Amino acid sequence: MMKTTFFSSSELRDLIARYSQVFILTDEEVARFWLPEFCHWMDCNGTQEIVLRSGEEMKTLKTAQMIWEKLLKYQADRHALLVNLGGGVISDLGGFVASCYKRGVDFVNVPTTLLAMVDAAIGGKNGVDFQGYKNQIGTFAMPLGVWICPTFLKTLPLREVHSGWAEMMKYGFIKDEELLNTNNDNYTHYIQQCAEIKSDIVAEDPYEKGPRKVLNFGHTLGHALEAHFADSNVPLTHGEAVAYGMWAALWLSCRQCGLSEEVLADYEPKMEWLLSKSSSLIEEADADAIIHYLSQDKKNESGEPRFVLLEEVGKPIIGQAVPMSLLKEAVRELALRSARLATLRDQQ
């Protein structure tokens, strides 16, 4: 699998013009702000638009089936192009739909959220959630390319910007310490840098057999937290869950891998900032339920969760087993930090 191709606007426009059948998959929020603009920029005449409700709850096999039915209705053949215009849900779902329809049609990703620009739209991992667990059914299939246009971020709520920042900081911990200095004033300057980091890692290990696993830093516990809160009145965004998950991974790294406590201490104010728009509260009583979700993590080996931990910033270690007693202690510590964050938010 080759590195991700990053299109310019003119390259994407020329690509779209070469297809006789073009379908645009998006959601209601993106359609409201950007679908007419995108069609104007790309001279999309005669395209078919498939507009979904917004939200993670749409990333299901049922939704995929509905999209396949629409493609059949419009007689889409194997030479059609699917343009995934949206955030992580649209990138994951659209890639899955395209990779399965008639055993695979071409698709491109046009990410409209920061999170998708630096993560979900890149790397060829596509899928849907299943029975409450994230990304349980999916494929590896690369888009023809990705068009990153920061203009889309003008309408992105600050909470969603923070969600993307968490993924950018992940790259800081595993690869480039400079990215730990991401903030509201400079983050757009780092978007392409993060995208290139992910593209390079994926090119080295497209099917996540080894080095690509470093991208799971913060995600092992993060995915469990995201799943646990998904059906609550206060769900976590993906980036918020990763922000918590990175704290837990750093805490475990200090105890298992000799990571300096200073790294964890330096991250705590960053975590406060990343979670400043979240109202979710992790409680100690949630520990068993969260650990249950961990038991279904795709990265488990012999039924045990595997973590990406750090020896130091920029030196990740993959496949680290964590004793259950230490894992439960990490969740309890995380609950204490969550309560502290809630207090800080109440005081603001």
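Just so it is clear, none of the values below were taken in a lab; they were calculated from the coordinates. The structure presented is a predicted model; accordingly, all values stated were derived computationally and were not measured. When we count neighbours, we look across all protein chains shown, and the Cβ atoms used for this are built from the backbone with ideal geometry, even at glycine.
General observations
- Note on the chain: antiparallel DSSP beta bridges, both residues inside, total approximately 40 percent of the bridges counted.
- Listed cross-link partners K270/K328; K198/K270; K175/K198; K170/K213; K59/K134 are compared with a 18 Å cut-off, the Cα-Cα value being larger for K270/K328; K198/K270.
- Taking a span of 30 Å or more along the helix axis (Cα atoms) and a mean Kyte-Doolittle hydropathy of at least -1.0 as the rule, the DSSP H helices of the chain that qualify are 324-347.
- Any cysteine of the chain lacking a neighbouring Cys Cβ under 4.7 Å - listed by number: C100, C149, C194, C254, C257
- Rg over Rh for the stretch 69-109 works out to 0.95, both radii taken from alpha-carbon positions and Rh defined as the Kirkwood radius.
- Expressed to the nearest 5 percent, the antiparallel share of DSSP beta bridges inside the stretch 52-152 is 40 percent.
- Those lysines that a straight Cα-Cα span of less than 21 Å connects to K154, excepting residues fewer than 8 apart in one chain: K277
- Each peptide in 144-152, 218-226 gets a packing score, the mean of other Cβ atoms within 10 Å over its residues, and the list from highest to lowest is 218-226, 144-152.
- Rounded if a/c under 1.5, otherwise prolate or oblate - the stretch 208-347, Cα gyration tensor axes: oblate
- Amide H contacts under 5 Å for E49: I24, restricted to partners 5 or more places along the chain or on a different chain, H placed in the peptide plane at 1.01 Å from N.
- Peptides 332-342, 166-176, 308-318, 70-80 ranked from most to least packed, by the mean per-residue count of other Cβ atoms within 10 Å: 166-176, 308-318, 332-342, 70-80.
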